[in-house]
Amino acid sequence: MHLVTSLLLLLGGSTSLVKAWLPTDQSRSLSAFTNGNTTKIRGVNLGSHFIVEPWMAYGEWVNMMGCKDSSGNQYRSEWDCVQGLGQDAANAVFKKHWQTWITEEDISTMVECGLNTIRILVGFWMKEDLVADDEYYPKNNAIEDLQNVCRWATAAGMYIIIDLHGMPGAQQKEQPFTGRWADQPYFYLSDYHSGRAYEFLEWMVEKVHSSDAFSNVGALEIINEPLQLTENGQTAWMVEHYYPSAVDRIRAKEKSLGVAEGDQLHIMMMDDKWDSGGNPTRSLNSTQKQNLLFDDHNYEAYLVRNAASIPDMVSLACSDDRQSSVSPKIVGEWSLMFWQTDNTNSNGTNGTFTPMPAHAAEYSRWFSAQQRRYEELDGWVFWTWKTDAVLRDEEMWSYKKAVDAGIISKDLNEQYNQNPC
């Protein structure tokens with residue numbers, strides 16, 4: 001499935017190689033975005049590709065990359081690994097990882113599985129001149145590897161979201177997805193950190209609009225999972241200052257590049273259900289509200305933690321309404337993860353559940369229940385495409401493994417039509 005040629009052409013004097021679009025925007029892309037005959041986003045995250053999370057890539061992290069101390073204990077984040085290995089050694093192992101974790105074959109397999117979208121997670125340190133002398137991040141031209149992934153996905157006709165996943169200073173403490181096991185979220189505390197975020201976003205916008213490898217990038221997410229359940233000065237600053245400033249910097253950069261208004265990237269941010277400072281658009285003016293896309297991360301494990309059986313999990317998922325006050329919106333992270341006490345009970349009752357492949361049909365209905373709820377919105381992006389074989393019950397997290405186990409059909413319309421709700 002390939003996008004129509006018009007997506008790759010310049011428009012009306014614009015220098016951009018991107019014709020920004022959403023799959024649901026029928027005037028732009030309906031005829032092009034037809035994997036499964038749907039305009040819904042059906043995608044996967046490329047977790048642990050450009051930002052490694054050791055919990056989901058333990059074997060890769062410890063054995064291949066050597067991100068462990070002299071006692072064999074794994075380093076907690078990329079920062080720790082680079083500091084421990086030394087810059088030159090870390091640069092070499094990270095480069096190999098970027099070239100092998102997600103390959104062109106993976107992209108082809110995603111399309112064979114009925115997927116039409118990827119969300120690519122990157123850290124601000126991909127723009128290497130933003131890294132301070134006292135910071136520790138891998139530096140080995142990762143933008144080249146990002147360009148390769150986007151080129152493969154574009155050739156395969158996939159929609160691409162680029163997500164600023166790791167912020168300068170870290171947006172949450174003690175979270176490896178920020179690239180740094182920070183003792184506090186420094187991002188909110190200094191104009192220096194937000195200034196580097198704006199520079200990164202401008203740089204990424206220029207890359208996207210100037211290379212045909214990025215032709216199918218339609219959205220740029222300006223922060224992943226900021227502080228949650230807070231209405232304090234940090235989240236208020238983010239909503240009232242960072243969001244409008246980031247939007248302005250992106251649009252000003254696009255204007256300077258000669259990008260027509262209709263070709264602007266969609267700017268993506270967490271929605272109000274993430275509960276991070278209230279409605280994310282409350283400080284945006286009418287112009288700043290144009291071409292936005294919203295992200296809802298919904299891990300049903302928190303909803304079904306007290307379920308007595310897999311059918312109970314399905315029922316709870318069917319009742320989970322993800323409608324928000326903002327749109328368009330996708331559920332940009334979700335999984336089949338749940339808490340279990342052991343793997344010994346064969347009937348899946350009383351809070352104990354068997355391994356996922358043993359009850360593939362039941363877990364398939366749980367997937368379908370979530371799929372139907374998220375496709376009431378504009379779609380979904382599963383966390384994640386692949387995990388390390390060391391991870392227990394990989395099918396909870398790995399889309400590829402769940403397909404292999406018979407939990408998810410390659411025909412996502414068939415999967416949707418199970419309709420367990």
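Each reported figure results from applying straightforward, stated rules to the coordinates on display, with no laboratory input. Since the structure is predicted, the reported quantities are computational estimates derived from the model, not experimental observations. A quick note on method: Cβ atoms are made from the backbone with ideal geometry, for glycine too, and the neighbour counts reach across all protein chains shown.
Some notes on this structure:
- Virtual spin-label span in nm between Lys173 and Glu206, 7 Å along Cα→Cβ: 3.6
- Mean residue ellipticity (222 nm) of the chain, computed from DSSP H runs ≥ 4 via -39,500 (n - 2.57), nearest 500: -8500 deg cm²/dmol
- Between Arg392 and His241, the simple spin-label model (points 7 angstrom out along Cα→Cβ) gives 4.4 nm.
- Were the residues from Ser319 through Asn232 laid out at 0.36 nm apart, the gain over their Cα-Cα distance would be 28.2 nm.
- Subtracting the Cα-Cα distance of Tyr192 and Ala132 from 0.36 nm times their residue separation leaves 20.5 nm of extension gain.
- Residues whose placed amide H lies under 5 Å from that of Gly166, excluding near-sequence neighbours: Val122, Gly123, Phe124
- In the chain, Rg over Rh equals 0.95, where Rg is the alpha-carbon radius of gyration and Rh the Kirkwood radius from pairwise Cα distances.
- Chain lengthening between Asp404 and Glu112 when straightened (0.36 nm per residue, less Cα-Cα): 103.9 nm
- Its relative contact order, with pairs defined as Cα atoms under 8 Å and 6+ residues apart, puts the chain at 18 percent.
- Once the C-beta distance of Asn63 and Trp339 is scaled by a Förster radius of 35 Å, the resulting FRET efficiency is 0.80 to the nearest 0.05.
- Residue-wise HN-Hα coupling along the stretch 268-283, computed from phi with Karplus coefficients 6.51, -1.76, 1.60 (Hz; x: Gly, Pro): 10, 8, 5, 8, 5, 5, 5, 6, 10, x, x, 4, x, 9, 5, 10
- Of all beta bridges that DSSP places with both ends in the stretch 52-178, some 10 percent have antiparallel geometry.
- Isolated Cys residues of the chain, judged by Cβ distance under 4.7 Å to other cysteines: Cys113, Cys150
- Subset of Lys96/Lys289; Lys68/Lys207; Lys95/Lys207; Lys253/Lys386; Lys40/Lys273; Lys207/Lys400 violating a 32 Å alpha-carbon distance limit: Lys96/Lys289; Lys68/Lys207; Lys253/Lys386
- Antiparallel DSSP beta bridges within the chain, percent to nearest 5: 10
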